[in-house]
Amino acid sequence: MHDFDFFVGNWNFVNRRLKKRWVGSDDWDVFPASLRCESRLGGVVNIDDGVFPTKGWSGMTVRVFNLKKRQWSLYWINSTTGELFPPVVGGFTGDHGEFFGDDTDDGRPIKVRFRWARLGPDKAHWEQAFSLDGKQWETNWTMEHTRSKS
């Protein structure tokens with residue numbers, strides 16, 4: 001239940017997001033962001049609120065731990081659409097977490113995978129990948145987090 005406690009606090013991070021998906025591109029848009037993460041309801045809920053200043057939008061992740069199933073559901077919301085995206089569901093083994101879900105990309109059904117890696121007390125890595133078949137994955141967004149000193 002306390003898998004995301006390491007993420008509580010203030011973080012700066014560098015985003016790398018593919019400019020075009022599904023074309024085998026290696027052309028990345030790189031941009032900064034920062035967030036604040038909090039634990040709620042005794043650790044059952046974990047929320048982060050991020051600002052992407054060069055993009056002009058913000059986003060929020062709401063993570064909910066299902067006590068009965070012993071797994072997390074991660075939901076993403078951004079200020080551009082206000083849409084609550086379908087969750088990715090999963091958990092951690094040691095310092096690595098994997099979460100899977102179903103969504104659409106430009107109207108076509110896809111599989112979504114989030115991966116988290118705890119890299120000590122002050123660093124973390126996140127990545128998002130999409131798949132059309134659940135077997136071959138294209139990583140299209142990564143974040144390198146560093147704990148903020150303030």
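The values are calculated or read from the model by the stated rules, or taken from the named source; none is laboratory data. What you see is a predicted model, and the numbers here were worked out from it, not measured in a lab. Cβ placement follows ideal geometry from the backbone for every residue including glycine, while neighbour counts extend to all protein chains displayed.
Each row is one residue, and each column tells you yes or no for (1) surrounded by fewer than 17 Cβ atoms within 10 Å (Cβ to Cβ); (2) out of contact with any Cys (no Cβ under 7 Å at 6 or more places or on another chain); (3) among the β-branched types (V, I, T); (4) modelled with pLDDT of 95 or more.
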site: G90; (1), (2), (3), (4): no, yes, no, yes
site: G97; (1), (2), (3), (4): no, yes, no, yes
site: V112; (1), (2), (3), (4): no, yes, yes, yes
site: A124; (1), (2), (3), (4): no, yes, no, yes
site: L132; (1), (2), (3), (4): yes, yes, no, yes
site: K135; (1), (2), (3), (4): yes, yes, no, yes
site: M143; (1), (2), (3), (4): no, yes, no, yes
site: S148; (1), (2), (3), (4): yes, yes, no, yes
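In the stretch 53-87, how many are over 25 Å from K111 (Cβ atoms) and either under 14 Å from the mean Cα position of the chain (by Cα) or touching a residue at least 24 places away in the same chain (Cβ under 8 Å) (or both)?
Of the residues in that region, 3 qualify.
Regarding D27, is this residue surrounded by fewer than 17 Cβ atoms within 10 Å (Cβ to Cβ), closer than 20 Å to F130 by Cβ, modelled with pLDDT under 95 and not polar (S, T, N, Q)? Steps first, answer last, please.
Values: surrounded by fewer than 17 Cβ atoms within 10 Å (Cβ to Cβ): yes; closer than 20 Å to F130 by Cβ: yes; modelled with pLDDT under 95: no; not polar (S, T, N, Q): yes.
Taking the combined requirement at face value, the residue does not satisfy it.
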